[in-house]
1. Leaving out same-chain residues fewer than 8 places away, which lysines sit with a Cα under 21 Å from that of K231?
2. Can you return the lysines within cross-link range of K407? Criterion is Cα-Cα under 30 Å, with same-chain partners fewer than 8 residues away left out.
3. What net charge is computed for the residues neighbouring A77, neighbours being all others with C-beta under 10 Å from the C-beta of A77, Lys and Arg scored +1, Asp and Glu -1?
4. Using Cα positions and a limit of under 24 Å, work out the lysines in reach of K204, with same-chain residues fewer than 8 apart set aside.
5. Which far-off residues, 5 or more places away or on another chain, put their amide H under 5 Å from the one on V433, with H placed in the peptide plane?
6. Pick out, from F435, P387, L489, the residue whose Cα sits farthest towards the positive end of the charge dipole of segment 336-490, with +1 on the Cβ of Lys and Arg and -1 on the Cβ of Asp and Glu.
7. Can you work out the Karplus-derived ³J(HN,Hα) for every residue in segment 206-223? Use 6.51 cos²θ - 1.76 cosθ + 1.60 with θ = phi - 60°, whole Hz, and x for glycine or proline.
8. Using θ = phi - 60° and the Karplus form 6.51 cos²θ - 1.76 cosθ + 1.60, what ³J(HN,Hα) does each residue of segment 424-436 get, whole Hz, x for Gly and Pro?
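Computed from the coordinates by the stated procedures, all read-outs in this text should not be read as laboratory data. What you see is a predicted model, and the numbers here were worked out from it, not measured in a lab. Neighbour counts are summed over all protein chains in view; Cβ atoms, including those assigned to glycine, are modelled from backbone coordinates with ideal geometry.
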Amino acid sequence: MHGVRGNTEVIRRRITYSRVPCRLRWAATGVGAAGGTFPGPATGSCVRRQIIDTGPGEQLDQPLPEAVRQRVVELAAEVVGALRADEIPAPLRRVARFEPRRRARLAATPIATQLEKDTDFRERVAEVVREGQPELAAALDSGTVPAAADPVNVAALAYLIRPPGWPERVETARRDLERSALAADEAETIRKLAELQEQIAAAKATRTEEIDKLRTELRSSRAENAELRKKLHESRTRAKREHARAEELDRQAGEERAGAAAAGAATEAELRRLRARLSQAESAVENTRRAAREGRNLDETRLRVLLDALTDATKGLREEIGLPTGITRPADSVGAVAPQQPGHRTLPGRALADSDPALLDQLLMLPQVHLIIDGYNVTKTGYGDIPLSDQRSRLISGVGVLHAQTKAEVTVVFDGAELDAPVAVQAPRGVRVLFSAPGQTADDLIGQLVRAEPGGRAVVVISSDQEVCDSARRADARPAPASLLLRRLSRT
């Protein structure tokens, strides 16, 4: 681009490229773009026209091939970074500080647009490219391009330098690229065709194998079908024989039933005779017992004295060896999470409604009764609108008063899954508070507590959960609804 700023030698060299007349484009003063002065207005405008264009008819009929366009943009992107700020077109100043490859990637369209519209910018790029590739540029000027030269590079330089016939150079590159692309497409098509032929051959081979396999399976199926038909015929024949035999057995059974009826009548007569003899024997035994009882009074008196002595000895021995008076309750052996650690027994009762608190009083009066309470089931039934901690405290406090009144063994079971963290619970004396272990529900823990009790002990389970009640009932415990306990606690 030094040629535009006053390098008359470059301008003179460019003028030789075209012999067509030029139109006036500069002002009458003849001043160049960078302040250079030329011999006159007409001469200056002519030189300016020769730098921009080599002829009025040399233009592209269609856009640059994509590969040529990318090469042109790359060359221009390299040059933009080396230009002074006032030499860089305004649309490209924002990307001028970018690395060349990034500049070419992000500003490809603005660069291509400036090359097409801004002749000064294109001439600057062309001058730098000419200096970087002098041999190829000289060949383009002379019209003899080496046959081994890259057609894309040749077309890019031709587009920038614009020697005579440059559109033909671009079109030649376009044709070469199209031929290359066509050849590549043809090679790819041939490769795909070969693959398809191989796949077809493989499919035919597979189909043949499958047909042979199916024919073999068909022959095998036919043989199996014939065998099954034979077995079916044999089964039908055997079934007919079995049916005839069953009819014969039915006939024999009828005869045996008739004989058994006759034998039963004879047996009934014999049974009446034996009952009469048994009555006589029972009378004789009763007489014998009466006589033995009268003679046994003395023996019983002696046995009573011996038993009293044995009782006194046992009491003295217990006091001597200091046996503990308390024992571990069966419910204490059931694994559960304690506060600081992690039966529907058929019981007698008067005809009272399940909602009558007197029923619970009656049940708690049974000897050694064990009251098991489904904690959250009761609290959420009675006062589920308060926090869980308050629910637990309220229930435990209430059953503590109930224990003090009845002296019954009380166990309150809560679901450990409801806990965010281990909690400390101050249980009243005589009240056991348990939480289910991880992976265990309160229902499971209640079932374990009921099954741990010995048969015959009175166990009452307080819950409105039907599944818990059914489980307690199967274990011979006495279930009662949560509302019954809530009504009873409201009286304390």
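1. Of all the lysines, those that pass the test against K231 - Cα under 21 Å, at least 8 places apart if same chain - are K240.
2. Answer for K407, where 30 Å is the Cα cut-off: K315, K380, listed by chain and number.
3. Charge balance near A77 sits at +1.
4. Within reach: K192, K213.
5. HN-HN under 5 Å from V433: V412.
6. Selected residue: L489.
7. Running phi through 6.51 cos²θ - 1.76 cosθ + 1.60 with θ = phi - 60° gives 5, 4, 4, 4, 5, 4, 4, 5, 5, 5, 4, 5, 5, 4, 5, 5, 4, 4 Hz.
8. Using θ = phi - 60°, the values come out as 9, 10, 8, 7, x, 4, x, 10, 9, 10, 10, 10, 5 Hz.
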